[in-house]
Amino acid sequence: MAGKALVIGAGPAGLMAAEMLATAGLQVILAEAKPTVGRKFLMAGKSGLNLTKDEAFEVFVAAYAEAAADLRPMLAAFGPQQVQDWARDLGQDVFTGTSGRVFPKGMKTSPLLRAWMARLAGLGVELRTRWQWQGWDGSAAVFATSDGRQDVQADVTVLALGGASWARLGSDGAWVAHLDAGAVAPFQPANMGFVVKWSQHMHRHFGSPVKNVVLRAGDARVKGEFVVSSQGVEGGGVYAVSRAMREGAPLFVDLLPDMRKDDIRRRLERPKGKDSLSNYLRKALKLPPVKIALLMELGRPLPDDLALILKNLPIAHAGPRPMDQAISTAGGVRFGALDEGLMLCARPGVFVAGEMMDWEAPTGGYLINGCLASGRWAGTHAARFVGASSAELDIYTKKKT
């Protein structure tokens, strides 16, 4: 054996780091605070596990914004094609949807996670659940467990403790207390919903999807859909522009993106007759009830030229939903506090991966791919740090991105 490795956190980044370390011949202990592994990973697959996005590499990398330069080598080594190869190697066939999003054919996380855990067990990875990391005592990692305090002395450690959203699933950000404050950027919600204080008029529409719209906030613009909820607005379209909204840009929605203003005006030339305004708009423009409700809620006083407001409806909001309800978080360990292998400069032998790091990306496969790629990168470099053989580590990186 090349030595002992400790991985703290059993989400996708931690599992991938453990796989790399065990493949390199290290004895690996995988510590997880929760009773089971991959809880947020499983939640991500509740409506279909979006593993990655099949698109041109430069377009893919650009989605990571200012973190793109730091993540580029990791994504080049384990990008969309490599993720698909990895899933197939676990016996999980994948398919690409019309938007380029890649899913397992079964859509769910659990079959892939079971196959992955079986692989790790076959590699000799020792799983320790209900182990809550408490920081260090000298060079030993300290854990609170059901059997009392446990100290682990390892030759190399990978921290993959997640961000600060969905605390009940394990990502509570409590690890910040165990690192140098200057190494960590403050957390902010990412890919989150926003609070809208609806009138009683909107209650009947809670849970309704608003389909085929264009959402715009600052320079961010996306065609898609969102959901009206009791707390405000959420869903893929909102998440795609949520960063701009978080930074202060107002939100506008085009309710009829496939119609020009002049086309709308021509359709509204027909006499209204005895129809209510809602019925008139439904008949003339084929507007569904939820879009009409949004217009009445947010567009008043309605202008004489309804085309203007239908193409540019402002959605006033009261800020992001609480950070713990966000899909992911921005902030975390700064890249400047890490070397090129993701090792903490202030603590040699300790590496960081996944959402612990200060990066954010939109939903659509970028988040999970980023976690997998950084976990693989950290695990590979951690193995090399202790002189472990890396002959087996390039099984996917040999494939062309």
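Side notes on the structure shown:
- log₁₀ of I(q)/I(0) at q = 0.06, 0.09, 0.11 Å⁻¹ - the chain, Debye sum with one point per alpha carbon: -0.28, -0.58, -0.80
- The orientation-averaged shadow of the Cα convex hull for the stretch 194-315, equal to a quarter of the hull surface, comes to 7.3 nm².
- Angle in degrees between helix 80-89 and the longest Cα principal axis of the chain, rounded to the nearest 10: 60
- With contacts taken as Cα pairs under 8 Å at a separation of at least 6 residues, the chain carries a relative contact order of 26 percent.
- Of K40/K211; K105/K286; K40/K291; K46/K211, pairs whose Cα-Cα distance is over 25 Å: K40/K211; K105/K286; K40/K291
- Fraction of antiparallel bridges per DSSP, the chain only, in percent to nearest 5: 70
Values in this text are rule-based calculations from the coordinates and carry no lab data. Note that the structure is predicted; figures quoted are calculated from it, not measured.
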